[in-house]
Amino acid sequence: MTSTSVRNGQTILELAMSSKSIASDMVPVERTLLVIGSKNTGKTSLIHSFFDKNEKPKPTLALEYSFARRSGKSLTKDICHVWELGGGLVFKDLLSVIVQKTKGRRLSVVLVLDLSKPDVLWNTMEMLLEEVKAQLENLQGIEENNQINVKNIEDKKFMSPLPIPVMIVGSKYDIYQNFEPAKKRVLCQCLRYVAHTCGASLIFFSVNDTILVKVSKEMMSHYGFGTPYPKNHIYDSNKALLVPAGSDCFEKIDNLNEAGSIRSMHKYKNIFASNFKQISIESGAQASNTENTDPLNDTNYADPLIDESLKKKQEVCIKNISTTQCTHDYHYNITYNKYN
């Protein structure tokens, strides 16, 4: 019998290819979302909205893990791993744990910024984006998986996309929407420039707005499960922005204040700072404040046995961090169902 012999209407080669296809369909697609941002920006609320959880958010301790499953193209359910980095800039060094763990493969960063506090927004965004870039640069042989469909080809020469997908989320839109129109125009212009330059998506979010919650779910699903972007795109500064990666245009961004010659992050930073005076943010200063308020660092609550046990647990967590290890994190067994 030759390789071209027919069995039940199929050649042996066709049967082999069919078996290989079935085997590949049994392997779920796994993606990872790393959610970062300042303290109290609504990171946990964003994740809870994605999971349809109605629990009251609790303060995030260092690094917390959750996951969702969703029926996809394979015969098994695809998995989205979600890591939330708490403590704002205090624990930014833990970024390396997730970046090293995933090697940047199928990893997306969700950067949450508090729109209601523009006085710390730029510095926070700048420091965290730089930290992410630094961690990615430290990886050897990282594969670029940030495939951006740039609408305006001319924009490519002004863009410096990160090698992994990024979504910037402006939270607390319900508070921000009461800002003066001129202030909102500048903030939107600057965030659109940063997002477009970095090849990132940009959305505004409020846990108190059902439409924005739905949009955030669709965007999180895109990065977590590979589903399509929402169909509607919004660039109007008087509305909640919804700008998928690559869909914006530098010419339209510049024309918001007739600054057509601007093609510099530094110049946009000055525009932002001239409208919103920035408060200096130092990781060390924030860490110092945390030490004064965190009971774990308060000598009044010292207990040698408990402190030693906690220290060992944290060491094990950082060495063996995985979906089943890191014992002080919250774990959710959640099935993410497609919503209408």
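For region 31-86, what does the relative contact order come out to in percent, with C-alpha contacts under 8 Å and a separation of six or more? Before the final figure, lay out the partial values.
Details: 79 pairs, mean separation 26.7, N = 56.
RCO, region 31-86: 48 percent.
Only Cα pairs under 8 Å and at least 6 apart count here; give the relative contact order of region 50-143 as a rounded whole percent. Show your work: numbers first, answer last.
Working: 77 pairs, mean separation 20.7, N = 94.
It comes to 22 percent, rounded to a whole number.
Given contacts defined as C-alpha pairs under 8 Å and at least six residues apart, what's the relative contact order of region 137-221, whole-number percent? Intermediate results must be reported in sequence, preceding the final value.
Details: 77 pairs, mean separation 27.5, N = 85.
It rounds to 32 percent for region 137-221.
Percent of accessible area on region 83-240 owned by carbon and sulfur, 1.4 Å probe? Provide the component values of the computation, followed by the final result.
Working: 3250 of 6760 Å².
Carbon and sulfur together cover 48 percent of it.
For region 36-156, just say rounded, prolate or oblate: build the C-alpha gyration tensor, square-root its eigenvalues into a ≥ b ≥ c, call rounded for a/c under 1.5, and beyond that prolate if a/b exceeds b/c, oblate if not.
Working: a/c = 1.39, a/b = 1.04, b/c = 1.33.
Rounded is the answer for region 36-156, as its axis ratio a/c remains below 1.5.
Is the shape of region 158-269 best called rounded, prolate or oblate, per the rule: a/c under 1.5 gives rounded, else a/b larger than b/c gives prolate, else oblate, with a ≥ b ≥ c the square roots of the Cα gyration tensor eigenvalues?
Values: a/c = 2.12, a/b = 1.19, b/c = 1.77.
Oblate shape, in that a/c is at least 1.5 and b/c is the bigger or equal ratio.
Among 184-197, 121-134, 49-62, how do they line up by average Cβ neighbours within 10 Å per residue, starting with the highest? Could the numbers behind the result be given before it?
Numbers: 184-197: 22.9, 121-134: 18.4, 49-62: 14.6.
Result, highest mean first: 184-197, 121-134, 49-62.
On full extension of the chain, what length is gained from GLN147 through LEU61, given 0.36 nm per residue of separation minus the C-alpha to C-alpha distance?
Values: separation 86, 0.36 × 86 = 30.96 nm, distance 3.27 nm.
Value of the extension gain: 27.7 nm.
Taking the simple approach of a point 7 Å from Cα along Cα-to-Cβ for both ASP119 and THR210, what is their distance in nm?
Label-label distance for ASP119 and THR210, simple model: 3.6 nm.
What is the list of residues in region 92-107 whose amide nitrogen lies under 16 Å from a point 7 angstrom out from the Cα of GLU30, following Cα to Cβ?
Residues 98-107 qualify, since their backbone N sits under 16 Å from the label point.
Along Cα→Cβ, 7 Å out, is where each label goes; now give me the distance between the ones at LYS103 and GLU154 in nm to one decimal.
Taking the two extended label points, one gets 4.1 nm.
Averaged per residue, what accessible surface does region 95-201 expose to a 1.4 Å probe, in Å²?
Numbers: 4560 Å² over 107 residues.
I get 43 Å² per residue for region 95-201.
The values are calculated or read from the model by the stated rules, or taken from the named source; none is laboratory data. Given the structure is predicted, the values throughout are model-derived calculations rather than measurements. Cβ coordinates were reconstructed from backbone atoms using ideal geometry, including for glycine residues, and neighbour counts include every protein chain displayed. For the accessible areas, the whole protein counts, side chains as well, though only heavy atoms, and no ligand, DNA or RNA atoms are used. Shrake-Rupley method; radii C 1.70, N 1.55, O 1.52, S 1.80 Å.
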